[in-house]
Structures are given as structure tokens and as C-alpha cells.
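The values are calculated or read from the model by the stated rules, or taken from the named source; none is laboratory data. Given the structure is predicted, the values throughout are model-derived calculations rather than measurements. Note: ideal-geometry Cβ built from the backbone for every residue, glycine included; neighbour counts use all protein chains shown. For accessibility, only protein heavy atoms count, side chains too; no ligands or nucleic acids. Shrake-Rupley method; radii C 1.70, N 1.55, O 1.52, S 1.80 Å.
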Amino acid sequence: MSHLLEVNDLEVKFGLRQGDLTAINGISFNLDKGERMGLVGESGAGKSVTGFAIINLISKPGFISGGRVIFNGQDLAALSEEAMREIRGNHISMIFQDPMMTLNPVLTIGTQMVETLQAHRRITRPEAEAIALEKLKKVQIPSPEKRLAQYPHEFSGGMRQRIVIAIALITDPEIIIADEPTTALDVTIQAEIMDLLQQLCESEDTGLILITHDLGVVSQVTEKIAVMYAGKIVESGLTDRVVNNPKHPYTQGLIKALPGSLQPGARLNQIPGMMPTLTDIPPGCAFNPRCPLCETICRNQEPPFIPVDHLTRMVACHMVKPDPSMGTR
Amino acid sequence: MFAFVVRRITQALFVMLIISLVGFSIKNKIGDPIRDLVGERVTPAERELLRDKLGLNDPFVTQYLRFAKNAVQGDLGVSFFHKKPALAVIAAKAPATLELVFGAALIIIFISLPIGVFSAIYPRSAFSRFTMAFSTLGVSVPVFLTAIVLIYIFSVELNWLPSYGRGETVSLGGWDSGLFTVDGIMHLILPCFSLASIMLPLFIRLIRSEMMEVLETEYIKFAWAKGLHRKRIWFIHAFKNTLLPVITVFGVQIGIMFAFTILTETVFQWQGMGFMFLEAVERSDISLLVAYLMVVGAVFVVVNTVVDIIYGLVNPTIRIAGRK
Ligand SMILES: Nc1ncnc2c1ncn2[C@@H]1O[C@H](COP(=O)(O)OP(=O)(O)OP(=O)(O)O)[C@@H](O)[C@H]1O
Ligand code: SF4
Ligand SMILES: [Mg+2]
């Protein structure tokens, strides 16, 4: 069976003066209709770049240097600009981190909603406004009729993110990519917005790629997860399996660092060291300078990303052996 | 919006108050209204009598209030040389200068906007690199040099355009306009381009850098992610946000352009306010100088206020956001 979205061996580089730097180094995953996936990892892992690569919208010196992004049977990485425009915001929408910066300050909410529909459908303004109203109701904006004529600065941060969600949903897309949609919000409303997003994706059967640092949110919202480190996926699988039984030392480190997993009074278990920058990714396993299990082979040889059990778990680590029942590979 | 307009008009009135104080101080300290009235051949005793009669020995504040009251009623004193009310002298010269500034402003708008926007969208194109290099040079070329070069090329060598005077004008209720005859327009071209040339490089660079900054923002990235057509992203989403800071600078620079009309009008023998100003300096016609200061000050304030109100109309956040 073919998937709704299939990312195969995707590679993204940034063309800089010192030469091309690899930001995404051959990642693969897929998403089915209505499926929700979390993309986690520390800052600089390449989560946002992956999100933008899917809709072929990487900022300036960046470009897709290899691999394929198959959506509904066509390779997005090879589409013409106009054909790609038809996908963006129509079949695949994005939600950004900071709702204070996402909306254009000089255009009304109504305009910013209507134009999205008009970019993809032959539709009159009144028809588009009717759809906009319906979506504003879905994201629980009070008295939406009055709101259409207002400008972004007349809304609070939480309200603005609801509007951004409404814009993302306005074309009934198959997939929404949400890049840390609650990080910039007040803690008290983070859960509210996340619940709303989850509930809307469920009721509309919309696929979700949720990019976040927050493993707690991922385990609440998503069915599967991919953990990224230095431009690669190092572990993926069903969310509750991975969170409850992490196999890769990096995932284990992330889970241990979760405040919820701590005994009262215990110290916060940050993984020592830092994510390498693109210019000094170590040879072998990129995680080796920070890994408690590191052996010689880890410094010389890149671990392959292989299935390790019958439940779609995949791991890239020399020290994680496949389930014996999997047979030889 | 209404409160904003009221606030801006109050500020404008305050600035006019300060300008009038400065104008009055100059008149009070340097001017000699007795000479303006009766000339040099009058005895000191008679002069003193006249001073008393005219209230020139009254306290400063009393005199200022009289000056301000007259100014509000359109009486800015009498030109010693022209033997006419200063305002009437200026009014006769104003259309020439206003049309010069108007033409230059149009040239600036219609040249800097397309070039600035294009070179922001395609910063690496050969055209963008060329205009950037050219405008870097352009900033440092003085206006009279531009004027002389233009005259040399288009008047002396090619003989396409006239190099001095206003040409044929049409009187429209006291306003002598050069905008309605071919000859008048031909005469406007070189002076307007010379005057515009001072501000053009600045505006091309300003529009380009503002637009490039806007194109990097999150809301533009979001507009791309929504799948909008690129024309809509460039010319609606980015352009509107680019205009906001540009409008403010434009208002200030138009005011400053009045100062540069003095040079331009001299080179082109353009019978406007700037030309008149230099003549008034040579003749020590203090009343006329002060009147010029007041009128140009008023034009500056009015232009800035109008521009700020336009800014307020374009920018929906004006009511809450402070401006840099
Ligand atoms: N425009 C760019 N030019 C050069 N390098 C870039 C650019 N954008 C991103 N990178 C690099 O690509 C790598 C991945 O960045 P990315 O933004 O995807 O990280 P992230 O996982 O989203 O992190 P965060 O959690 O901080 O958002 C980083 O090392 C970053 O420095
Ligand atoms: S391959 Fe080696 S260094 Fe990398 S995570 Fe596994 S044990 Fe650690
Ligand atoms: Mg990111």
C-alpha cells in the first residue's frame, strides 16, 4: 500500500561560501491519511528544515540536494514552482511557531483567510468569507462575524494562533505541518491550543507532522514519532513504545531529561554536551562524543538505520541489536 | 484614528508656534521696519517717534502676539524692496517652486519605487547590482553638478530641452502654471530631474533595504506557505509593509527638498521662491526673508502632517504602537 506522504532519503544542503553544508542527511519516513507524527530532537537537529523541505520552501542558500518527497504519487521535490504552489496551503499547510509574527500586520484577518482560498479555488469573496467564518467558529473564536474585519494586533497571542490554525485548515488540507505551534504561547494556553489542534485533525481526518521539543506533548497527540539528531533520524516507531521504552541512547537521554520522569528533588538529567553545528559533525555516529555507550566502532563507522522489532521500530545505533526473532539481515 | 489626527494637528500647531517665534526673533533683532517703511533719510528723532507709534518699544511678548495675530490673518509684513506685502510677493513666486517640487516628487516616486522593489526581489540581478553601484555614487554628487551636466547634455549638445526659465505658463486664478503647455513641461524636465536626483539614490536604497527586510519576515514566509501567487506576496503583502517607513521618510525629504530648490532655481534661473530668497538675502530684505521662513516652515509642517495621517491610514497598528 502506498502512503499519503513518503519521504525517501531526503537530503538538504546550505550553499555557503565555505562550501555546501549538509543539514538533512538522508532521512526517510512516511505518513498515512489522518496519521499524526511527532518530529522531536534538540535545537539544530534539522526539524524545521525538514518541515520546509516537504513543501519545498527552504530559505535562501538551502536546497534539496537529494531524495524524494512523494505526495499522492508525485515527487514534490521535482515539481515546477506553479505546481508546488498549488500544493502549498492547499494540500499541505503549515503552522509556524510565533503567531505574533505569522500574520501580516497590515491586512485584515478576513483578507488573509479569503486570499488563501482564492489562491487555490475559483471562488467569490462572499463565498470565501462564509468558509472563513465557519473555520473561525471551528477554532472557537468568539463572534467571528466581527472579527473578519479586524487586524492581527487586535488579537491576543492565543487568539492569533487559533486564526493561524483556521487559515491552515481553510482549504481542508490532507496534511498540516505544525512547527512548535505552542512554544511561543503563554504556558496557560499551550495545552488549550494543542488540544484544539489535535481534536481538529482527528475530526477532519487530517494528517499532522508535529515538530516540537516537548516529548510530553508528542506522546499525548501523536501515534508515531521520529527522533532527529544532527540531520538524521536516529529512532522512530510508535510513540508510546518509543517514549516508554527508548532504545537509542539519544532518545533515552531525552526521556531522562523530561521533568515528569524525575523523582522529587532529583537533579535534571540534561544530556551532557551540545548538538554539533553543521561544520563539525563528528565522523561515525554523530552522537558519539555525548554517548555513554560509545565504543570504538561508533567513532569510525556510521550506524545503519534498521528495523529492530516487529512494531515498525527503527534505530540507528551499533549497540542496539535487532530482536532475535527478526531473523538475519 | 480621530484621536491620532487631532494629536498630529496639535503637534503641527506647536511646531508652527516655534517657527513663528524664531521668525519673529530674527525680525525683532535684525530687521529694521522703519527703514522698510520710510527708507534711510529720516532723522533719529523722527525714527524714535515712529518706533513708539508702531509699538516697536513694546515688550517682546506684546510684539510677538501682534506679529502672530497678523501672521494668522495672512499679514507677514511688507517687503522693503518690492514695496508690497511679503506674502503677496511670495504667493506670486510660490507656484513655480511648488510645481518644481511636485514634478521632482513624481519623478522620485515613479523611478525609485519600481527600481527599489525590483532590486529587492532580484538582489543578485545585474540590473540591481548596477543601480546599487550607481546610487552609491549618486548620493555624493552635488545638485548643481548634476544640473550642469544635464544642461550640457540635453540643452547644449543635443538641444532637446530648454535650460532656463519656466517657458510658457497659463494663469489659473492667479496661479501661473507651467503644467498645461508643452513648452512649460519641457522647461520643467531638467530642473525637476536635477532636484529629484538628490533624493533618488536615497529612496532607491531605502525602498530596496526595507523591502528586503520585509521579504525575510515570518509573515512573508507564511504567505508563501499558504500557496499565494508570488505577485500577491510581493505587491500586496511585502509592498504594503515596505511603504510604511518609506512614507515617513518621504514626508521629511519633501520638506528638505524646498531647501534644495534654492540651488536648483539659481542654476536654472527658475523664478520661484528659492530664487526670490537669494535676491532677498542680497538686498537684506528681512521682512521678506522671515516671511519666506514662515511659509516654507508652514509647507513643511503641512506636508509632514498630511504624510503622517496617510501613514496612519495605511498602518492599522498606529493607535497602539509607538513609532521609531
Ligand atoms: N538559512 C540557513 N543557513 C544556514 N544554515 C541553516 C539555515 N537554516 C538552518 N540552518 C542550519 O540547519 C540546521 C537545522 O536547523 P533547523 O532550524 O531545522 O533546526 P531545528 O531542529 O528546527 O531547531 P529548533 O528546535 O531550534 O527550531 C541547524 O544547524 C541550522 O544552523
Ligand atoms: S552508535 Fe555508538 S555512539 Fe552512536 S548512539 Fe549508538 S552507542 Fe552511542
Ligand atoms: Mg525549528
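Report the full-extension gain for the segment B:K69 to B:R230: residue separation times 0.36 nm, less the Cα-Cα distance, to one decimal in nm. The partial results should precede the final answer.
Details: separation 161, 0.36 × 161 = 57.96 nm, distance 5.66 nm.
So the chain would gain 52.3 nm between B:K69 and B:R230.
A cut-off of 5 Å between modelled amide H atoms, ignoring neighbours fewer than 5 places along the same chain, links A:M94 with A:G89, A:I177.
Once the Cα atoms are used to define both axes, helix B:60-72 deviates from the longest principal axis of chain B by about 60 degrees. Across the options B:F258, B:L87, B:A133, the greatest Cα extent toward the positive end of the charge dipole of chain B (unit charges at beta carbon of Lys, Arg, Asp, Glu) belongs to B:A133.
Only lysines eight or more places from B:K231 in sequence, or on another chain, were considered; those with a Cα closer than 17 Å are B:K221, B:K240. Round to a whole angstrom and tell me the spacing of the C-alpha centers of the stretch B:114-184 and the stretch A:173-221. Taking the Cα centre of each part, the stretch B:114-184 and the stretch A:173-221 sit 57 Å apart. Across the stretch B:2-85, counting alpha-carbon atoms alone, Rg and Dmax equal 16.2, 58 Å. Sequence-ordered 3J(HN,Hα) estimates for the stretch B:180-191 from the Karplus curve with 6.51, -1.76 and 1.60 and θ = phi - 60° stand at 10, 10, 4, 4, x, 5, 4, 5, 6, 4, 5, x Hz, glycine and proline given as x.
Legend: distances between Cα atoms for A:K137/A:K224; A:K13/A:K60; A:K232/A:K256; A:K33/A:K224; B:K27/B:K69; A:K135/B:K226; pairs beyond 18 Å are A:K137/A:K224; A:K232/A:K256.
Could you tell me which of A:P324, A:I271, A:V12 has its Cα farthest along the dipole of chain A towards the positive end, charges placed at Cβ (Lys, Arg +1; Asp, Glu -1), taken about the Cα centre? Checked the options; the winner is A:I271.
Within a Cβ distance under 13 Å of B:L179, other residues only, what is the Lys/Arg minus Asp/Glu net charge? Walk me through the numbers before you get to the answer.
On the way: positive: B:R166; negative: B:E99, B:E168, B:D176, B:D183.
Result for the local shell: -3.
To the nearest Å, what is the center-to-center distance of the stretch B:205-262 and the stretch A:2-72, using C-alpha atoms only? The two parts, judged by their Cα centres, are 32 Å apart. Placing a label point 7 Å from the Cα of B:R51 along the Cα-to-Cβ direction, the residues of the stretch B:57-98 with a backbone N closer than 18 Å are B:57-64. Springs join every pair of Cα atoms under 10 Å in this Gaussian network model of chain A, and among A:V106, A:V217, A:V49 the largest mean-square fluctuation is at A:V106. Take each residue in B:212-222, count the other chain C-beta atoms within 10 Å of its C-beta, and the mean is 4. DSSP finds beta bridges in chain A, and of those with both partners inside it, around 60 percent are antiparallel.
Here the contact order of chain B, divided by its residue count and restricted to Cα pairs under 8 Å and six or more residues apart, works out to 27 percent.
Comparing the full protein assembly with the isolated chain (1.4 Å probe, heavy atoms, ligands and nucleic acids excluded), the residues of the stretch A:41-55 losing at least 20 square angstrom of accessible area are A:F52. Look at the dipole of the protein assembly as shown built from charges on Cβ: of A:L210, B:F14, A:Y250, the Cα furthest out on the positive end belongs to B:F14.
Taking the Cα centre of the protein assembly as shown as reference, the dipole from Cβ charges on Lys and Arg (+1) and Asp and Glu (-1) amounts to some 820 debye.
Per residue of A:111-123, how many C-beta atoms from partner chains lie within 10 Å of its own C-beta, taken as a mean?
Working: counts 1, 6, 1, 0, 8, 5, 1, 3, 7, 3, 0, 0, 0.
Shielding by partners across A:111-123 averages 3.
Give me the percent of DSSP beta bridges within the protein assembly as shown that run antiparallel, rounded to the nearest 5. Write out the running numbers ahead of the final one.
Details: 35 of 54 bridges.
Rounded to the nearest five, the antiparallel share is 65 percent.
Rolling a 1.4 Å probe across the protein heavy atoms gives the stretch B:86-323 an accessible surface of 45 Å² per residue. Relative to the longest principal axis of chain B, what angle (0 to 90°, nearest 10) does the C-alpha long axis of helix B:2-30 take? That works out to roughly 40 degrees.
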